[in-house]
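K.L.:
Sending over a structure as structure tokens; questions will come in a sec.
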Amino acid sequence: MTEKSLFRLIEPTMAYDRQIQAFRQEYLKDGGSMDGSSHLRKFERTQAWLAQLEPDTTQYLFVREADDRVVGVIQIRHRLANEFLLKYAGHIGYCVLPEERRKGYATQMLAQALSACRQLGLRDVLITCLADNEASRRTILKNGGVYESKVLEPESQSWIERYWVRLS
């Protein structure tokens, strides 16, 4: 069995309520940004979170099969429908539990999400990261990301690096 087969992307359902809320609690405790989680941080009830997921996105949980644990979340935005997505957020957002980082999970999760992007018919995918997030930069580069530019996001005053992955 390969390492990649030990994880799978699944669309969230109430069957994962306990794991989703455990993931949320870990992030709230850590204070991280929970990128790619469709604002999970705001929802104490999984059902309410599921109800607000947008139709032009696909939300996934990254589940470790050995213990059925949610170790990451990733969101695919089918199109860059507004200026914020086009300039700063891109097609994909993701995060991995703080205690599960530095194990290559983000790289595997992004690779699986890019495969899902191909199935959606996307040809070029924009992925962004904070300029000071070396781990995310390496994840994007390992998945074929090509640096385009660095832009200042005015609301947070954060520098964002923009990368494109060609899927065709």
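Bear in mind that the values in this text are calculations on the coordinates, not laboratory data. Source: prediction; values computed, not measured. Reconstructed Cβ throughout: ideal geometry from the backbone, glycine too, with neighbour counts over all protein chains shown.
K.L.:
Return Met14, Met34, Met109 ranked ascending by Cβ neighbour count within 10 Å, so the fewest neighbours appear first.
P.N.:
Met14, Met34, Met109
K.L.:
Neighbour counts of other C-beta atoms within 10 Å: give me Phe84, Phe62, Phe43 arranged from fewest to most.
P.N.:
So the residues, fewest neighbours to most, are Phe84, Phe43, Phe62.
K.L.:
Related question: Starting from the Cα gyration tensor of the stretch 14-58, take the square roots of the eigenvalues, sort them a ≥ b ≥ c, and report rounded, prolate or oblate (rounded when a/c is under 1.5, otherwise prolate if a/b is larger than b/c, else oblate).
P.N.:
Judged from the Cα gyration tensor, the stretch 14-58 comes out oblate (a/c at least 1.5, b/c at or above a/b).
K.L.:
In terms of the Cα gyration tensor, with a ≥ b ≥ c the square roots of its eigenvalues, is the chain rounded because a/c is under 1.5, prolate because a/b exceeds b/c, or oblate?
P.N.:
Because its axes are fairly even, with a/c under 1.5, the chain counts as rounded.
K.L.:
Please identify, among Arg102, Arg24, Arg64, the residue showing maximal mean-square fluctuation in a Gaussian network model of the chain using a 10 angstrom Cα cutoff.
P.N.:
In this elastic network of the chain, the residue with the biggest mean-square fluctuation among Arg102, Arg24, Arg64 is Arg102.
K.L.:
Loop sites only, by DSSP: take the GluC sites (Glu not before Pro) in the chain that have at most 14 other C-beta atoms within 10 Å and name the longest stretch containing none of them.
P.N.:
66-154
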